[in-house]
Each structure stands twice: as structure tokens, then as C-alpha cells.
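Undergrad: The structure's right below; bear with me while I get my questions together.
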Amino acid sequence: MGDGARIGGVLGSLTGRDDDLAYVTGFTDRAAAVGGALLLSGEAGVGKTVLLDAAAGHAEETGTWVMRAAGTEFESTISFAGLNQLLGPMLAAPPALSPDYGDALAVALGVRAGPSPDQLMLANATLALLAGSAGRRPLLAIVDDLQWLDRPSATILGVVARRLTGGRVGFLAASRSGEDGYFDRGGLAVYEVRPLTDAAASELVSDRFPALPHLRRQRR
């Protein structure tokens, strides 16, 4: 399928990834109605980020508000850096929150100075912010490179991800196989993204490098 396939309104050019695309876009559709969490796991460079991009595009086309963040080695020691990335855009027009929840989020996200908030209080505040924001339209939170997320953010998001069922908030994240960092995947659905088959890999190289001699394509 060198020309790609239209799945849920998304035009993909992901050779050999039809099943993966169907799975992740199917998840975003379900999450928009009843919430939920899904983790993508796979080797470095296998294509997890491209699947996240496809899921984001599909979700946006179907009316879902997409929030994104990505863990980085540089920010892995900065407390709540990941949470700030993910939730920051919601603070422009936040839903009504209790003063305690508002204070917890303001301190954690660096809007206001103060002692570090209790983890359970912050997790509940994050849930309230997500649920309140999803009152207007479904919301999908996407986190790439979960293995590099700072520890406080990973802890809070791990709690939140387990409590999304029944709402209109989805959590979709990706991490390298065996490298979850501080995020505890226990009890959450995991989808393994596998390398392309030899046939699909050959088709991809032919599509991208049509002038490449056949023998060199095989070596690639």
C-alpha cells in the first residue's frame, strides 16, 4: 500500500501499518466516547511517533481536542516539566476548579510559588482539569518518549491514566520496549509496535528511493 490508506478520515502513507493505524484510531474513537488509556511500546525508530501523529490527526478531524507532550533527556530532571507541557495549553481557559485543585495545579505548573502539592491532590486536580475541559468536546492527551518523562509527571500521569474510564478523556503514550522510566504501566493496555515485514520494508524503500538499485535496497 505505497499510496497509503484512508482510515477514519486520516490519509496515511504508512506502508505496512494498516493494522496498527486501525488499532490506534479505533482507540481514539472509543476514548472520545468512554475514555481510556493505551500505551504503545516498541524499539527505537520502529514508528511509534508516526502512529501518535496519525492518532492525533484522526482525533482532531473527528472533533477531539488534542494535547501533546514528549519526554526529553534534557528535561527529565525538571519536576513537572512533562505535566507543564501537557496541561499548559488548558490554563488559557480552564474549567471551574475548586480552590485547592487550582492551587495544586498552579504550583506544580510553575504559575505560582509554594510548597510542592500532595501527589494525590495533584492527581485529582489533573483529573478534574481534564474532565472539565472534555465537557466541551472529547480530549486526547498524547505523550511521546514516556521513558524520559520526569518522575513527578510520570507518577501523576500514571495515576490519572488508570482513572479515565467512563469519561471522554483518552490517554495515549509511547515508550521504548523495556524502558518505561518512572511510568508504571501495570494494569494498562499495551500495544506492541513491531518492525515492518521484509516485504513492507522493501516497498517503503522503493517508494522513498525509487532510483536506488535493487541490490542496494536489499542491503538497506
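Undergrad: Using only alpha carbon pairs under 8 Å that are at least six residues apart, calculate the relative contact order of segment 98-163 and give it in whole percent.
TA: Once divided by the residue count of segment 98-163, the mean separation gives 30 percent.
Undergrad: Moving on to the next point. As an exercise, take the mean of 1/r over every pair of distinct alpha carbons in segment 99-185, invert it, and state the Kirkwood radius in angstroms.
TA: For segment 99-185, the Kirkwood estimate is 13.6 Å.
Undergrad: Also, quick follow-up: At a Förster radius of 30 Å, what calculated FRET efficiency corresponds to the Cβ-Cβ distance of residue 98 and residue 49, to the nearest 0.05?
TA: Values: r = 36 Å, r/R0 = 1.21.
Efficiency computed from Cβ-Cβ geometry: 0.25.
Undergrad: Assuming 0.36 nm per residue, please report the length gained on full extension of the stretch residue 19 to residue 68 beyond their Cα-Cα distance.
TA: 15.3 nm
Undergrad: Suppose a student asked you for the relative contact order of segment 10-73, using Cα pairs under 8 Å spaced at least 6 residues apart; what percent would you report?
TA: This gives 40 percent for segment 10-73.
Undergrad: Ranking request for peptides 131-141, 153-163: highest mean number of other beta-carbon atoms within 10 Å first, then the rest in descending order.
TA: By packing density, highest mean first, the sequence is 153-163, 131-141.
Undergrad: Here's a follow-up. Assuming R0 = 41 Å, what is the FRET efficiency of residue 190 and residue 112, from their Cβ-Cβ distance, to the nearest 0.05?
TA: The calculated FRET efficiency here is 0.65.
Undergrad: What order, most packed first, do the peptides 57-63, 96-102 have when packing is the mean number of other Cβ atoms within 10 Å of each residue?
TA: Descending mean neighbour count gives 57-63, 96-102.
Undergrad: Excluding residue 101 itself, calculate the net charge of residues whose Cβ lies under 14 Å from the Cβ of residue 101, where each Lys or Arg counts +1 and each Asp or Glu counts -1.
TA: Details: positive: 112; negative: 100, 103, 118.
Taking every other residue near residue 101 into account, the sum is -2.
Undergrad: Taking the dipole about the Cα centre of segment 58-165, with the C-beta of Lys and Arg at +1 and of Asp and Glu at -1, give me whichever of 120, 146, 87 is farthest to the positive side.
TA: Of 120, 146, 87, it is 120.
Undergrad: A follow-up question, please. I'd like the per residue volume of the convex hull spanned by the Cα atoms of segment 32-145, given in cubic angstrom.
TA: Convex hull volume per residue, Cα atoms: 120 Å³.
Undergrad: A further question on this structure: In terms of modelled amide H atoms, which long-range or inter-chain residues lie less than 5 Å from the amide H of residue 67?
TA: 140, 141, 142
Undergrad: Would you please put 119-130, 167-178 in order of how densely packed they are, using the mean number of other Cβ atoms within 10 angstrom per residue and starting with the highest?
TA: Going by the mean number of other Cβ atoms within 10 Å, highest first, we get 167-178, 119-130.
We did not get these values from a lab; they are worked out from the coordinates using the rules stated. Just so you know, these numbers come straight off a predicted model, no measurement behind them. Glycine gets a Cβ as well: all are built from the backbone with ideal geometry, and neighbour counts include every protein chain shown.
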